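Where a number appears in this text, it was derived from the coordinates with a stated rule and is not lab data. Being a predicted model, the structure only gives us computed values, none of them experimental. Here the Cβ is made from the backbone with ideal geometry for all residues, glycine too, and neighbour counts use every protein chain on show.
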């Protein structure tokens, strides 16, 4: 890619699908105690198709019913909209079929398109920094927590994306994963 110009931006993008259920993780437990994590019987989930700019920590996202080519286009349009002064927005994401499908192809074929996509090698999520945000999301929202309703769960996920990331991004920039996501 070479040297980045002032009128360019780089975003790392991916999707995450947190499930509405308790996710037992780590914790200190008093010897002899019998800790419990309440759980739900729900099978719902929240779909997030998001991106991350490591320079500005801008984290646009969409919350589609289904992650597919349409949600990928919504995310690309949001990135363009948030970067009116940028000539090119480089989007680095995985090789999911919907990232290479006809919806995305048609969006990228527009004459005034400001998006340049870069596909990561297959099976390399460790190369995508947004995976770190997904891990932090789980630590903050799903690990060892049970929500009374799927709506409360979805609200917690969306609050993390809309409020926690912008407020805590400096913390996340140096966060070290202590558990598996």
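Normalised radius of gyration (Cα atoms, divided by 2.2 N^0.38 Å) for segment 83-158: 1.48.
When 98, 123, 11, 20 are sorted by how many other C-beta atoms sit within 10 angstrom of their C-beta, beginning with the fewest, the order is 123, 98, 20, 11. Work out the FRET efficiency for residue 149 and residue 169 from their Cβ-Cβ distance, taking R0 = 25 Å, and round it to the nearest 0.05. So the FRET efficiency works out to roughly 0.30. Dimensions of segment 1-99 along the principal axes, based on C-alpha atoms and rounded to the nearest Å, stand at 60, 29, 22, largest first. Can you tell me the FRET efficiency between residue 65 and residue 26 if r is taken as the Cβ-Cβ distance and R0 is 22 Å, rounded to the nearest 0.05? My answer for the efficiency is 0.10.
Just checking the listed ones, 37, 16, 29: in the Gaussian network model of the chain with Cα springs under 10 Å, the one fluctuating most is 29. Taking the DSSP beta bridges with both ends in the chain, the antiparallel portion is around 40 percent. Using Cα centres only, tell me the gap between segment 72-142 and segment 1-51 in whole Å. What the calculation gives is 18 Å, centre to centre.
Between residue 96 and residue 17, residue separation times 0.36 nm minus the direct Cα-Cα distance comes to 27.0 nm. Pairs of alpha carbons in the chain separated by more than 21 Å make up 54% of all such pairs. Using a cut-off of under 12 Å, list every residue of segment 144-170 whose amide N is near the label point 7 Å from the Cα of residue 40 along the Cα-to-beta-carbon line. Answer for segment 144-170: 145-158.
Just checking the listed ones, 36, 159, 135: in the Gaussian network model of the chain with Cα springs under 10 Å, the one fluctuating most is 36. Of 107, 57, 153, the sequence from fewest to most neighbouring Cβ atoms within 10 angstrom is 57, 107, 153.
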